[in-house]
Amino acid sequence: MTEKLSATNLTLIRGERCLFQELDFALNPGELLLLKGQNGSGKTSLLRAIAGMLSLESGEIFWNEAPVLQQRQEFHGALVWLAHKTGLKGDLTLVENLRFEASLRPQSDNDLAVVCERVGISRLKRLPLRSLSAGQQRRVALARLVLADVPLWLLDEPFTSLDRDGRHLVTQLVEEHLTSGGMCVMAAHQDVEINATVHRVSL
Amino acid sequence: MKATNPKQPSIFASLIAITRRDLLLALRRPGDILNPLFFFAMVCTLFPLAVGPGAEQLTLSGPGVLWVAALLATLLSLNSLFMSDHEDGSLDQLLVSPQPLPILALGKMIAHWLTTGLPLVLISPLLAMTYRMPVDVIGVLMLTLLLGTVCLSLLGSIGAALTVGLHRGTALLSLLILPLAMPVLLLGASTVSLAADSELYATGIWALGAYAVLALSLAPYATAAALRISNE
């Protein structure tokens, strides 16, 4: 059975504001779901809801046709989430951070050194993460995506604090992931040029 | 339904990994370990100065003072248990990890005990001597502190998980935890007092042990549930 992420009739209310209502989507392998909207329009909230960290007013999210909340562990084993905060430890080095990640989640056969070279952080291996710039830390978080062996990527503003090469790298990585049969949900406030089937949701 | 990915790391590996990570972080920031230890040592050494060096007074108050100081030192350290993970987003990453959250929480509790509870137990004999405690009573003190600090690290993590999103949650955390910590304090201090009076004290040790086992079996689940609630 092939993987599939879908949602029906999602409604989320935070405080007094309705962020989105009756939202549906379906995502098949090789496809990208692009969440567009202004700051504060609920992109991050939707991503958190997909990850199962936020309870919705109504609606349900399905992974392989079964509700996510009934198979949280399997679903979390199939996704990796690049959040606004990188979730990396400033006091640990890049390798220590990535190794810890490897003890939680299935890892691909990609070699750590090769991936570090690819995302341009191989010179920084011995430094504690706090001494790296914001863009370099985002690159470490990108390495975490590539190293994970999971079908679904959740990306929250993946272009933040990256230079032009970095932004190009993100596009390339996402395209490669989609070509190899992966899925991706991306929240972005700017236009994204990606060569794949793109579903757009405006929030 | 698709079976779990065969490449998925084992639960045991993730438990070891998170304990190791937290120990490594504590070593990189030794101040976090030393703070509660300093507090414990300071309270225990200042008390005799304040009440006077009378031998009888000191032997009487020793067990109580040592135990109250240990309890407060542990409470002070609990606030930071999930704080830095919350701030840098790694708590969110733990919440979406495919490993069972209670196991990850347990790993953090183990690391917390190894960096705060265990050092307290280890320096307690030195401080107990200030209170003219005989050697065999010091043994009982260490045993009760050993079991007691395990209880406090486990129970305290529930409170730490509930207050993780709050600014200045220390007061609330203490308030939440104190009712659960009270039996530990009463049992611990009275057991040491009984031992000092050469009376039977084994019941207290067994009761503390039972409390520790109860905490060990329930606290990871309660902490995991609390983390999910406070991170909504």
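The values are calculated or read from the model by the stated rules, or taken from the named source; none is laboratory data. Predicted model, so just to flag it, every value in this text is computed and none were measured. When we count neighbours, we look across all protein chains shown, and the Cβ atoms used for this are built from the backbone with ideal geometry, even at glycine. All accessible areas refer to the heavy atoms of the entire protein, side chains included, with ligands and DNA or RNA removed. Shrake-Rupley method; radii C 1.70, N 1.55, O 1.52, S 1.80 Å.
Association of chains A and B removes close to 3200 square angstrom of accessible area from solvent, both sides included, for a probe radius of 1.4 Å. Mind giving me the FRET efficiency for A:H168 and A:H199? R0 is 25 Å, r the Cβ-Cβ distance, nearest 0.05 is fine. For A:H168 and A:H199, the calculated efficiency is 0.65. Restricting the calculation to Cα atoms, every distinct pair contributes to the Kirkwood radius of the stretch B:149-189, found to be 10.5 Å. Sticking with the crude label model, points 7 Å out along Cα→Cβ, report the distance from A:D191 to B:T203 in nm, one decimal please. A separation of 8.1 nm, rounded to one decimal place. Over chain B, what is the relative contact order in percent, taking alpha-carbon pairs closer than 8 angstrom and at least six residues apart? After rounding, I find 26 percent.
Using the Cβ-Cβ distance between B:K7 and A:N39 with R0 = 45 Å, the FRET efficiency computed as 1/(1 + (r/R0)^6) comes to roughly 0.75.
Shown here for the stretch A:140-196: GluC sites (Glu not before Pro) in loop regions (DSSP other than H, G, I, E, B) with at most 10 other Cβ atoms within 10 Å, namely A:E193.
What residue among B:L58, B:L104, B:L120 has the largest mean-square fluctuation in a Gaussian network model of chain B, using Cα springs under 10 Å? Ranking B:L58, B:L104, B:L120 by mean-square fluctuation puts B:L58 first.
Other protein chain C-beta atoms within 10 Å of residue C-beta, averaged over A:101-110: 5. Shielding value for B:201-212 is 0, the average number of Cβ atoms from other chains within 10 Å of each residue's Cβ.
Once every DSSP H run of n ≥ 4 in chain A is given -39500 (n - 2.57) and the sum is divided by its residues, what mean residue ellipticity at 222 nm do you get, rounded to the nearest 500 deg cm²/dmol? So the helix-based figure for chain A works out to -8500 deg cm²/dmol. The trypsin sites (Lys or Arg not before Pro) of the stretch A:82-152 meeting both criteria, a DSSP state outside H, G, I, E and B (loop) and at most 11 other C-beta atoms within 10 angstrom of the site's C-beta, are A:R126. Counting helices only, and only those DSSP H runs with n ≥ 4, report the 222 nm mean residue ellipticity of chain B as the sum of -39,500 (n - 2.57) divided by its residues, in deg cm²/dmol to the nearest 500. About -27000 deg cm²/dmol. Using every pair of separate Cα atoms, the Kirkwood estimate puts the hydrodynamic radius of the protein assembly as shown at 23.8 angstrom.
Counting only other chain Cβ atoms within 10 Å of each residue's Cβ, the peptide A:146-158 averages 1.
In the protein assembly as shown, a dipole from Cβ-located charges (positive for Lys and Arg, negative for Asp and Glu) runs towards its positive end, and of B:L173, A:G135, A:A102 it is A:G135 whose Cα lies farthest in that direction. Using equal-weight Cα scatterers in the Debye expression, the normalised intensity of chain B in log10 at q = 0.11, 0.15, 0.17 Å⁻¹ is -0.58, -0.97, -1.18. Using the alpha carbons alone, the radius of gyration of chain A stands to its Kirkwood radius in an Rg to Rh ratio of 0.96.
Among the GluC sites (Glu not before Pro) found in the stretch A:11-55, those both in a DSSP coil and sparsely packed, with 15 or fewer other Cβ atoms within 10 Å of their Cβ, are A:E16.
Largest mean-square fluctuation among B:V164, B:V135, B:V43, in a Gaussian network model of chain B whose springs join Cα atoms under 10 Å apart, belongs to B:V135. Counting only protein heavy atoms and using a 1.4 Å probe, what share of the accessible area of the stretch B:11-231 belongs to carbon plus sulfur, as a whole percent? Summing carbon and sulfur atoms, their accessible area is 75 percent of the total for the stretch B:11-231.
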